[in-house]
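The next block holds one structure in the form of structure tokens; read it before the comments.
The values are calculated or read from the model by the stated rules, or taken from the named source; none is laboratory data. Keep in mind that what you see is a predicted model, and the values were worked out from it rather than measured. As a convention, Cβ positions derive from the backbone with ideal geometry for all residues, glycine included, and neighbour counts pool all protein chains shown.
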Amino acid sequence: MEISKILEYQTLDNELFKIEKQLRENKNKQQANQMHENMKNAQLKSVKLEEKAGSLLNEIEKVKKQFKIQEDKMNEFMEKDLTKLSKEELEKLSILKDKLTQNLNILDKNLTSLAESVNAVLSDFNKTIKIFNSSKEQYAKCKADYDKDVKNVEGTRNEITEKLKALSKSIDGKIMEAYLKRRKENIFPVVVPLKGNLCGGCHMELPYATISTLNSEGILTCEHCRRIIYKV
């Protein structure tokens with residue numbers, strides 16, 4: 001089988017592969033992706049913090065209501081004319097007073113703790129918003145720089161693509177289809193020579209029966225790396 005055309009195609013395609021690799025590994029693109037991820041994480045965190053703040057504020061309202069109830073009871077207690085009460089009633093009131101005082105102290109501590117939690121959430125929320133805004137600004141810059149990098153190679157990439165399209169018309173359809181399928185999977189080079197009894201791509205040893213097929217058909221697919229092997 002004539003292999004020269006697909007090798008010519010691959011030589012030209014190698015230039016396109018290098019450009020694609022450079023763009024995949026482009027620092028501006030990687031940084032833009034990282035900033036985009038930071039923005040997404042900050043957005044998710046801000047939503048959770050808003051939910052947490054809402055929950056804490058609801059708890060504060062509940063504690064305030066309980067505090068008001070206990071406070072009203074204490075005021076009611078303070079308004080009583082103790083001179084008209086019996087000893088037994090005074091003892092009961094004393095116990096009630098101690099209980100109300102204890103409840104008020106507990107509620108006061110709860111309010112203080114909840115207020116501190118709300119402040120911590122608000123502080124964390126503000127930091128998260130700053131991270132989001134900073135990441136958004138950096139993302140825009142990195143994205144703009146990456147777009148410039150893409151534009152710089154766009155002409156060369158389009159020129160190579162057109163040449164490959166024209167050259168593909170002179171290549172066997174099945175070979176071309178097999179080549180493009182592997183190319184999409186970033187297998188490169190796709191077409192490699194047989195080196196002794198080894199695949200020229202992954203350097204794995206090929207069975208004798210497989211090499212016999214290569215001798216008769218001219219090409220074969222490596223069972224290890226799926227590259228197309230030809231005999232020199």
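Structural remarks
- Any hit, segment 82-93, residues being exposed (fewer than 11 other Cβ atoms within 10 Å of the Cβ) and hydroxyl-bearing (Ser, Thr, Tyr): yes
- Candidate set from segment 63-74 (those that are of a type in the set (D, E, K, R) and surrounded by 12 or more Cβ atoms within 10 Å (Cβ to Cβ)); member that is modelled with the highest pLDDT: Lys64
- Of the listed requirements (1) outside any helix (DSSP H, G or I); (2) touching a strand residue (DSSP E or B) at 6+ places or on another chain (Cβ under 8 Å), Ala178 misses just one: (1).
- The conditions of being among the polar types (S, T, N, Q), part of a helix (DSSP H, G or I) and touching a residue at least 60 places away in the same chain (Cβ under 8 Å) are not met by Thr101.
- Residues in segment 162-175 that are assigned to a helix (DSSP H, G or I) and either touching a Phe, Trp or Tyr at 6+ places or on another chain (Cβ under 6 Å) or of a type outside the set (S, T, N, Q) (or both): Glu162, Lys163, Leu164, Lys165, Ala166, Leu167, Gly173, Lys174, Ile175.
- Residue pairs whose Cβ atoms lie under 6 Å apart, separated by 6 or more positions or on different chains, with the first residue in segment 62-91 and over 20 Å from Thr112 (Cα atoms) and the second basic (Lys, Arg) and in a helix (DSSP H, G or I), are Phe77/Lys97.
- Criterion: small (Gly, Ala, Ser), part of a helix (DSSP H, G or I) and within 29 Å of Ile60 (Cα to Cα) - qualifying residue of Ala144, Ala120, Ala140: Ala120
Let's see how each residue does on (1) surrounded by fewer than 13 Cβ atoms within 10 Å (Cβ to Cβ); (2) assigned by TED's automatic domain parsing to the domain that holds Glu8; (3) closer than 14 Å to Ile175 by Cα; (4) among the β-branched types (Val, Ile, Thr):
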position: Val190; (1), (2), (3), (4): no, no, yes, yes
position: Gly201; (1), (2), (3), (4): no, no, no, no
position: Glu217; (1), (2), (3), (4): yes, no, yes, no
position: Glu223; (1), (2), (3), (4): yes, no, no, no
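- In summary, Glu159 fulfils each of the numbered conditions (1) of a type outside the set (Val, Ile, Thr); (2) in contact (Cβ under 8 Å) with a residue 24 or more places away in the chain; (3) assigned to a helix (DSSP H, G or I) with the single exception of condition (2).
- Which listed residue is assigned to a helix (DSSP H, G or I), surrounded by 12 or more Cβ atoms within 10 Å (Cβ to Cβ) and either at pLDDT below 90 or touching a strand residue (DSSP E or B) at 6+ places or on another chain (Cβ under 8 Å) (or both), from Phe132, Phe77, Phe125: Phe77
- Any hit, segment 195-214, residues being in contact with a helix residue (DSSP H, G or I) (Cβ under 7 Å, 6 or more places away or on another chain), in contact (Cβ under 8 Å) with a residue 24 or more places away in the chain and not in a helix (DSSP H, G or I): no
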